[in-house]
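Read the structure below first, then the notes.
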């Protein structure tokens, strides 16, 4: 009986149909695994919520943001060095690429060919009225950011005592400028005009300011002071003006 069973087992092992069936079962299992991994699993994990990344290249940032918003995606802008061979201020690249399937809410990075801003010279507005200063600054394509009351006094109330950025500096168009305005002359007391003849321009300006008097004299830039008005020793109200002159003026 044992020999008969052993012989039957050997006959099965030598049966070609048996092996073909076994191979077919193995292939079926492999195909099922591949189908499950590449077809069923993506559906389960993405829950049918796939979004195609739109093409935002050559769009302006505003248009690109509207396009991505409608697609249910987020974005982040990144700048790259200006390339004069492609249009300025438009998107030149993106990641992920257009056509990629992603989940809703995925962040899309886009790269803008940012044009270099034109530089302009900041006008000198010291001693001007606030209205005139705003006009001159606006004419250069700049913006008055804020106006603050200064402790420095000048002969006229609401005239400009300081500005930032400084006059004659070169800044990009659209730069914000801060102005300080004067409270005007202080009445009720007087101070003594210092002697600044023989001093350098910077030393003379500092001495006059320390005396609570106003000095503008924009033409006095460098060198020594050779003349001043009013003369030393005179009495003025804080905020009144002292003019200084250098050789050649």
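The values are calculated or read from the model by the stated rules, or taken from the named source; none is laboratory data. Since the structure is predicted, the reported quantities are computational estimates derived from the model, not experimental observations. Here Cβ is always computed from backbone atoms with ideal geometry, including for glycine, and neighbour counts include all displayed protein chains.
Can you find a residue that is buried (at least 17 other Cβ atoms within 10 Å of the Cβ) and either outside the structural domain of residue 61 (by TED's automatic domain parsing) or on the phi < 0 side of the Ramachandran plot (or both) anywhere in the range 77-88?
Within the range 77-88, none of the residues are buried (at least 17 other Cβ atoms within 10 Å of the Cβ) and either outside the structural domain of residue 61 (by TED's automatic domain parsing) or on the phi < 0 side of the Ramachandran plot (or both).
Any idea which of (1) in the same structural domain as residue 239 (by TED's automatic domain parsing); (2) surrounded by fewer than 15 Cβ atoms within 10 Å (Cβ to Cβ); (3) touching a strand residue (DSSP E or B) at 6+ places or on another chain (Cβ under 8 Å) is the one residue 145 doesn't satisfy?
Single failed check for residue 145: (1).
Hey, could you check the range 91-126 for residues that are part of a loop (DSSP other than H, G, I, E, B) and within 16 Å of the chain's Cα centre (by Cα) and say which is surrounded by the most Cβ atoms within 10 Å (Cβ to Cβ)?
Restricting to residues being part of a loop (DSSP other than H, G, I, E, B) and within 16 Å of the chain's Cα centre (by Cα), the top hit is 114.
Matching residues to (1) in contact with a strand residue (DSSP E or B) (Cβ under 7 Å, 6 or more places away or on another chain); (2) at pLDDT 95 or above:
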site: 13; (1), (2): no, no
site: 24; (1), (2): no, no
site: 32; (1), (2): no, no
site: 35; (1), (2): no, no
site: 38; (1), (2): no, no
site: 44; (1), (2): no, no
site: 51; (1), (2): yes, no
site: 68; (1), (2): yes, yes
site: 76; (1), (2): yes, no
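From 222, 229, 234, 241, which residue is at pLDDT 95 or above and within 46 Å of the chain's Cα centre (by Cα)?
241
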